1. What pairs come up if the first residue lies in segment 56-70 and is over 16 Å from Thr240 (Cβ atoms) and among the small types (Gly, Ala, Ser), the second is open to solvent by 20 Å² or more (accessible area, probe 1.4 Å) and not in a helix (DSSP H, G or I), and their beta carbons are under 7 Å apart, counting only those six or more places apart or on different chains?
2. Which one of these does Pro253 not meet: (1) open to solvent by 10 Å² or more (accessible area, probe 1.4 Å); (2) closer than 30 Å to Phe286 by Cβ?
3. For residues in segment 177-211 being crowded, with 17+ Cβ neighbours inside 10 Å and of a type in the set (S, T, N, Q), which is farthest from Val285 (Cα to Cα)?
4. Every residue in segment 229-241 that is buried (at least 22 other Cβ atoms within 10 Å of the Cβ) and either of a type outside the set (Ser, Thr, Tyr) or free of Cβ contacts under 8 Å to residues at least 40 places away in the same chain (or both), please.
5. Quick one: how many residues across segment 135-176 are among the aromatic types (Phe, Trp, Tyr) and either assigned to a loop (DSSP other than H, G, I, E, B) or open to solvent by less than 20 Å² (accessible area, probe 1.4 Å) (or both)?
6. Can you name the residue in segment 109-134 that is among the polar types (S, T, N, Q) and open to solvent by 40 Å² or more (accessible area, probe 1.4 Å) and is also farthest from Glu99 (Cα to Cα) among such residues?
7. What tally of residues in segment 192-248 results from selecting those that are small (Gly, Ala, Ser), more than 23 Å from Met92 (Cβ to Cβ) and in a helix (DSSP H, G or I)?
8. Would you mind stating whether Ile95 is surrounded by 10 or more Cβ atoms within 10 Å (Cβ to Cβ) and within 20 Å of Leu167 (Cα to Cα)?
Amino acid sequence: MRYDPNFKNYKRYYIYGIIFYAITLTINVFVIFLLFYLLITITIHGLPVLSVDFFLNPPSRFAARSGIFPAIMGTFWLMILTALFSIPMGVMAAIYLEEYSSKSSKFIELVKLNIQNLAGIPSIIYGILGLSLFVRGIELGRSLIAGALTMSLLILPTITIATQEALRAIPDSFRFAGYGVGMTRWQVIRHQVLPVAMPGILTGIILGLSRAIGETAPLIMIGALTFVAIAPTSIMDSFTVIPIQIFNWTTLPQMEFHKLAAGAILVLIVMLLIMNSFAIYLRIVFQRKLSL
């Protein structure tokens, strides 16, 4: 039998492959086990407190009377205002950067690089920015609109980058076909590019809003209150959100409030699942329209 000098290396790399596969599988199983343990623990403690009174009552010093109605309304209005501010700015910025700006401009490259860097900045930094700019600079106070503007800054890079990637994935042949029949650049973007890129854009928007709904640090930094007994009725009202309410209950020593926090976590998880399911549904709808 002829000796093959490469066989020894092949055998060694084969063993390395098995070891790497075993390590990654072990880590995945461990992470999934931890995730299920947390979900089961939260469900066991939180499911019994979910009731009509829990959803309709304001927070109270007594655990039996406490609810999350102001926090749910604060979260709802905060998400609406954040979407109104961040989606038009993020999508329009991405359209300009990808469709109108010069590809060879050093300034545009610098802007794109800074947007990517902004996406990695810790959320507490956005809280400091919101406190300096909106709360104290423009004197909006600890209001709902100050919180929405701060959260808009937080998710603006995420929406812009997702929209840029969705537009960049469209082949130039789509654009050339529009120009070939006499369309203007805006008509090409409106009728050729955006419909094809829409699933990716919507996915980025939902992911950005999903991040905003679970963030606590920026809102605590701008002074969002941990105890609000009345739901906000205007954009200048003080507010609280579900993550801050959860944080408040977990700092209390009584076990009953910890169970309320577990119930609020379940509500927040369901809201996130609904938002992600809606994003998947919209992506499927737009993909079906394009395939027709």
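1. Every condition considered, the pairs that remain are Ala63/Gln254.
2. (2)
3. If we take residues in segment 177-211 being crowded, with 17+ Cβ neighbours inside 10 Å and of a type in the set (S, T, N, Q), then Ser210 is farthest from Val285 (Cα to Cα).
4. First, pick out the residues of segment 229-241 that are buried (at least 22 other Cβ atoms within 10 Å of the Cβ): 239-241.
Scanning segment 229-241 gives Phe239, Val241.
5. Applying the first criterion (among the aromatic types (Phe, Trp, Tyr)) to segment 135-176 yields 174, 176.
Cutting the leftovers down to either assigned to a loop (DSSP other than H, G, I, E, B) or open to solvent by less than 20 Å² (accessible area, probe 1.4 Å) (or both) gives us none.
So the answer is 0.
6. Our first condition is that a residue be among the polar types (S, T, N, Q); within segment 109-134, this holds for 114, 116-117, 123, 132.
Still in the running and open to solvent by 40 Å² or more (accessible area, probe 1.4 Å): 114, 116-117, 132.
Numbers: Asn114: 19, Gln116: 18, Asn117: 21, Ser132: 34 Å.
Among residues in segment 109-134 that are among the polar types (S, T, N, Q) and open to solvent by 40 Å² or more (accessible area, probe 1.4 Å), the one farthest from Glu99 (Cα to Cα) is Ser132.
7. Step one: list which residues in segment 192-248 are small (Gly, Ala, Ser), which gives 197, 200, 204, 208, 210, 212, 214, 217, 223-224, 229, 231, 234, 238.
Within this subset, residues satisfying the condition of being more than 23 Å from Met92 (Cβ to Cβ) are 214, 217, 223-224, 229, 231, 234, 238.
When the remaining residues are screened for being in a helix (DSSP H, G or I), the result is 214, 217.
Count: 2.
8. Details: surrounded by 10 or more Cβ atoms within 10 Å (Cβ to Cβ): yes; within 20 Å of Leu167 (Cα to Cα): yes.
Yes.
The values are calculated or read from the model by the stated rules, or taken from the named source; none is laboratory data. Just so we're clear, the structure is a prediction, and the values are computed from it rather than from any experiment. A quick note on method: Cβ atoms are made from the backbone with ideal geometry, for glycine too, and the neighbour counts reach across all protein chains shown. Accessible surface is based on the protein model in full, side chains and every heavy atom, while ligands, DNA and RNA are left aside. Shrake-Rupley method; radii C 1.70, N 1.55, O 1.52, S 1.80 Å.
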